[in-house]
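The values are calculated or read from the model by the stated rules, or taken from the named source; none is laboratory data. Note that the coordinates shown come from a computational prediction; the quantities given were computed from them, not determined experimentally. We place every Cβ from the backbone using ideal geometry, glycine too, and count neighbours over all the protein chains shown.
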Amino acid sequence: MKLNKLLKNFAAPVAALGAFGLLIWIENRRPLRRSVESKSIRNFRNMAVAGAASGALYFVEKPVTNRLTKLVEEHNFGLLKIFKLPRRLELLLAVVLLDYTLYVWHVLTHKIPFLWRFHLVHHIDLDLDASTAVRFHFGELVISVVWRAAQIVIIGVSPAAFKIWQALLFPSVFFHHSNIELPAELEKNLSRLITTPRLHGIHHSAVRAETDSNWSSGLTVWDWLHGTLRTNVPQSEIVIGVPAFQHREDVALAKILRLPFETQRPNWQLIDVETNHQ
Ligand SMILES: [Zn+2]
C-alpha cells in the first residue's frame with residue numbers, strides 16, 4: 001500500500017488513539033474534577049461498552065458512509081455539489097456543515113425520548129473523562145447511521161471531506177470529555193473556538209438546565225448562535241451524571257446495556273436506592 005493511501009486510511013484511527021493516550025496521561029497528572037468511582041472499574045466498563053459500539057461503527061456505519069460518500073462524488077449529490085466550488089472550499093464547508101448537523105443530532109438525542117433512552121447510557125457515567133468519550137450504547141450508534149446518511153447525501157460529503165471530519169472529530173470528542181485541567185486563560189481562549197473540558201463538564205451535569213447546554217462536539221459557534229452556550233458553572237459545583245442514576249448499582253455494565261430496552265425511570269428526579277422510591 002502506498003504511503004499516501006496508508007495515511008488516508010489510518011489518519012482518523014491513529015489521530016484518535018494518539019489523542020486518547022496523551023489525554024489519559026495528562027488526566028493522571030492534572031485532573032479537573034475529583035473522581036467518584038474507581039478508575040479501573042470505569043475503564044473496564046467503558047471499554048466494554050466501546051467494544052460493542054466499535055462493532056456498530058465498523059459493521060454498520062462504515063459500509064454505509066463509504067458507499068454513500070462515493071455515490072456523492074460520482075453523481076454530484078447534495079447542496080455543495082450544486083455550486084461547483086473550488087475543492088478546498090468545498091472540503092472546508094462540508095466539514096463545517098457536518099459539525100453543525102452533528103450539533104443538531106446531539107440536541108435531538110436529548111429531546112426525543114426514544115433517542116434519549118440510548119444517549120442516557122453515555123450520560124449516566126458517574127465521572128467524566130476520556131473513557132466516557134467512547135462509552136456510547138451500540139444502539140445509539142446504529143440509529144445514528146440514518147442521520148449520518150442524511151448528512152452525507154443532503155450536504156454532499158465526498159470521501160475526502162468525511163475522512164477529514166472524522167480525523168478532527170475523534171480527537172475533539174476525546175479532548176472535551178477528558179478530565180484535564182487546562183490553565184483557565186488558555187481554556188477560555190480555546191472555548192471561543194472549540195468545545196473544551198470545562199464546557200462539556202457543564203453538559204454532563206446532573207442539573208437539567210446545565211445539561212441542556214453546550215451541545216457542540218466541535219465548534220462552539222453553534223451553541224453561541226443558538227443561545228445554548230454556558231460558561232458560568234464552576235467545575236467544583238458540578239455533580240456528573242443524571243439524578244436517577246447516582247448510585248454505583250445503577251451503572252453496572254449489564255444494567256446500562258439493557259437500559260434503553262427497559263421501562264424508564266423519571267430521569268431527572270433523585271431515586272432512593274434502598275426503597276427504589278423517589
Ligand atoms: Zn449529551
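Quick grid of which residues meet (1) among the acidic types (Asp, Glu); (2) within 16 Å of the ligand (Cβ to nearest atom); (3) in contact with a helix residue (DSSP H, G or I) (Cβ under 8 Å, 6 or more places away or on another chain):
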residue: Ile24; (1), (2), (3): no, no, yes
residue: Arg30; (1), (2), (3): no, no, no
residue: Val36; (1), (2), (3): no, no, no
residue: Val60; (1), (2), (3): no, no, yes
residue: Lys70; (1), (2), (3): no, no, yes
residue: Pro86; (1), (2), (3): no, no, no
residue: Ala94; (1), (2), (3): no, no, yes
residue: Thr101; (1), (2), (3): no, yes, yes
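Does Ala244 qualify as being at pLDDT below 95, away from the ligand (no atom under 14 Å from the Cβ) and within 23 Å of Pro113 (Cβ to Cβ)? If you could, list the steps in order and put the result at the bottom.
Values: at pLDDT below 95: yes; away from the ligand (no atom under 14 Å from the Cβ): yes; within 23 Å of Pro113 (Cβ to Cβ): yes.
Yes; evaluated as a whole, the condition is true for this residue.
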Just one listed residue, out of Asn189, Asn232, is modelled with pLDDT of 95 or more and over 30 Å from Pro86 (Cα atoms), and it is Asn189
Please enumerate the residues belonging to segment 11-46 that are in contact with a Lys or Arg (Cβ under 7 Å, 6 or more places away or on another chain) and among the acidic types (Asp, Glu).
-> Glu37
Members of segment 58-95 found to be buried (at least 17 other Cβ atoms within 10 Å of the Cβ) and under 17 Å from Ser217 (Cα atoms), listed by number = Leu93, Ala94, Val95
